[in-house]
Structures are given as structure tokens and as C-alpha cells.
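Below is one structure, written out as C-alpha cells; the observations come after it.
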Amino acid sequence: MKKLILNILLALSCIGASAQVDYASTAEDIALAEMVMQQLAATPQESAGAQMVRAAKALLDQPYEARTLEGREERLRIYLTRTDCILFAETCLGLVRTVQRCGPLATFEDLARTLRGTRYRGGVVDGYASRLHYTAEWVRQGMENGFFEDITPLLGGIPDTRPIHFMTSHPDSYAPLKGESQYARDNRAKMSEVEERVSDMPRSYIPKDRIAAVEDRIQDGDILCLATSIDGLDYSHVVIACREKPGGRLGFIHASTTAGKVVVEPRTLESYLQASKRALGVTVLRVKE
């Protein structure tokens, strides 16, 4: 009886947000997303972390593709069959959060609504600069929306106060910022304002030489944002924590540029970070139940 009442409440919550969402996708992506959401809905007893790992493993071997979200006009683009690192983590989060909200009645339209709320400032698609390009701002909005909590300070994280300016310092690397058209100049001005705001947002990370000491407090399914020493940039990679064996060393699943696809990383998190000269450490996000 309780389960029936819960399903009715979930249905009403999703029906109540029935306005259509404008998005771009493919039949293959829609079918895959609906299949994964059915799998998640079939295991409602699992924790949010376990569901994150389940969603991540359902996307194994999907090809890595840079600039997946770019196009001639800014639209909510939803792809599971091609992905980059942040899109992979965001999609897994979106799948889990959508099923948390809508249960077995979750539709692709519901997923689109969730992703619009995580990817765009205030959930509003309004040009290139309305997308949350910097992971730090993506984290801040996710926390404000109650999607996850940043537990980094609890694990001994240290403050990162370095200013953010990478995109406006490298405009030629981003088509909407490149050149002297009015469109490019407007986008650069807007992104400059964004960078000022992001620079003022508190953020912290656990230094990589402390990972071994705290990894037993990082749970499977936590979202890990890898802080980088690259000037003007906050994070360079986003992964999902995962142990292949209970009680084993901490590893992760990610969209790997090296492998060219979504994989279970063969190295531990500590080994991966130590092998990277630019990696400073990690910010740990725990998805809420």
C-alpha cells in the first residue's frame, strides 16, 4: 500500500511539471536513457551512490567525444552514446535524480527537465553564456538545488582561491568566443562576468598526497572533480568513484580521453592522480538520497 501511494505521489510530481522541454537528441540516445532509467527504477532499494555506479556501468564503452554540446545555436543537447567527462557525470546524475523524482514513470522528457536544471544557470537556456561551463559553478548550482553535497571540507580539503579566467584567456579555443564579431564580443563580455562570479565562489580540494588517508571515507557513486594546476582553470576532469571489490582500493569510472570511451579506470584514484603533473587533488560530491 505504501509503495502504491509513493508511486501515485511520484506520478503527480512529474505530471505537475508537464510543460515540454526543447532539446536535441537522437532515437538511440532516447532509447538508451529510457532503458537505464527502467533499470534504476527496478532497484529502488539501492542507495543513491549505488544507483550512480549502476548508471555509470550502463554507459561503459560509449565513445568519448570532445565538444559534444556545441552547435550553431545554444540548445539543451542530450547524448549518452557520445560523451565527454563532465557530460558523463552529469548524465549519470540526471538519470539517478530523474528516477528519484519520477520513479518507474520517468520519461526522457523528465530527464531533459532534470538536465536543463543542472546544466544551465537557473535552469534557463539563454545563449552560450547561460550554460555552466565551469565545473565550480556547476557544483554550486547542484548544491543549491539539493542534488548533492560537497563533503570535501569534512575530509580535510584545503581552500582553492586561485582566480578563474581560462575561457576568456583562450578565446580561440571556443568558437562562440573567437573573433571580433558582435556575437563573439558579447559572449566574451558575459563570460568575463561569469568568471568573476566563479572566482568568488568558495571551493576546496583534497590534495593528492592525502587521498590514501581519506579514501575509505569516499563512497562508491561519489562524484569526484579533479582540481588542476592549469592557470585560470578550476577542474580538468570529473569521474565517478567506484571500487571493483568491496573494501578494495578506491578507483573510478570515467569518460577517458586515453581509452577513447567510458571505462572503469584500471588504476586507483591515488595512482592516477600521482601520475598527473597537473592534478592537484579532488573535490568530493555526495549525491543525496
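The values are calculated or read from the model by the stated rules, or taken from the named source; none is laboratory data. Being a predicted model, the structure only gives us computed values, none of them experimental. In this analysis, Cβ positions are derived from the backbone assuming ideal geometry, glycine residues included, and neighbour counts consider all displayed protein chains. To get the accessible areas, we keep the full protein, side chains included, count just its heavy atoms, and leave off ligands, DNA and RNA. Shrake-Rupley method; radii C 1.70, N 1.55, O 1.52, S 1.80 Å.
Structure above, values below:
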{"read-out": "Failed item in (1) over 23 Å from Glu74 (Cβ atoms); (2) in contact with a strand residue (DSSP E or B) (Cβ under 7 Å, 6 or more places away or on another chain), with Arg162 passing the rest", "value": "(2)"}
{"read-out": "Hits in the range 218-230 - residues which are open to solvent by less than 10 Å² (accessible area, probe 1.4 Å) and farther than 15 Å from His254 by Cα", "value": "Ile218, Ala227, Thr228"}
{"read-out": "Test set (1) surrounded by fewer than 17 Cβ atoms within 10 Å (Cβ to Cβ); (2) more than 28 Å from Ser173 (Cβ to Cβ); (3) in contact (Cβ under 8 Å) with a residue 12 or more places away in the chain - Arg67 fails condition number", "value": "(2)"}
{"read-out": "Strands (runs of 3 or more DSSP E) fully within the range 231-278 counting 3 or more residues that are in contact (Cβ under 8 Å) with a residue 60 or more places away in the chain, closer than 27 Å to Met201 by Cα and open to solvent by 10 Å² or more (accessible area, probe 1.4 Å)", "value": "none"}
{"read-out": "Residue identified as open to solvent by 30 Å² or more (accessible area, probe 1.4 Å) and of a type in the set (Val, Ile, Thr) among Val125, Val53", "value": "Val125"}
{"read-out": "Segments classed as helices (runs of 4 or more DSSP H), wholly inside the range 82-193, with at least 1 members that are over 12 Å from the mean Cα position of the chain (by Cα) and under 27 Å from Pro63 (Cα atoms)", "value": "85-102, 108-119, 166-169"}
{"read-out": "Ser130 closer than 22 Å to Tyr79 by Cβ, of a type in the set (Gly, Ala, Ser) and in contact with a strand residue (DSSP E or B) (Cβ under 6 Å, 6 or more places away or on another chain)", "value": "yes"}
{"read-out": "The lone exception for Arg67 - which of (1) basic (Lys, Arg); (2) within 15 Å of the chain's Cα centre (by Cα); (3) at pLDDT 95 or above it fails", "value": "(3)"}
{"read-out": "Flag if Glu215 is part of a helix (DSSP H, G or I) and either free of Cβ contacts under 8 Å to residues at least 12 places away in the same chain or surrounded by 22 or more Cβ atoms within 10 Å (Cβ to Cβ) (or both)", "value": "no"}
{"read-out": "Selection status of Ile206, part of a helix (DSSP H, G or I), buried (at least 20 other Cβ atoms within 10 Å of the Cβ) and touching a residue at least 24 places away in the same chain (Cβ under 8 Å)", "value": "no"}
{"read-out": "Flag if Val53 is touching a residue at least 12 places away in the same chain (Cβ under 8 Å), in a helix (DSSP H, G or I), under 22 Å from Leu224 (Cα atoms) and in contact with a Gly (Cβ under 7 Å, 6 or more places away or on another chain)", "value": "yes"}
{"read-out": "Check on Arg188, among the charged types (D, E, K, R), open to solvent by 20 Å² or more (accessible area, probe 1.4 Å) and free of Cβ contacts under 8 Å to residues at least 40 places away in the same chain", "value": "yes"}
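Residue-by-condition table, conditions (1) modelled with pLDDT of 95 or more; (2) surrounded by 15 or more Cβ atoms within 10 Å (Cβ to Cβ):
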site: Ile5; (1), (2): no, no
site: Leu9; (1), (2): no, no
site: Ala19; (1), (2): no, no
site: Ala27; (1), (2): yes, no
site: Arg82; (1), (2): yes, yes
site: Ala89; (1), (2): yes, yes
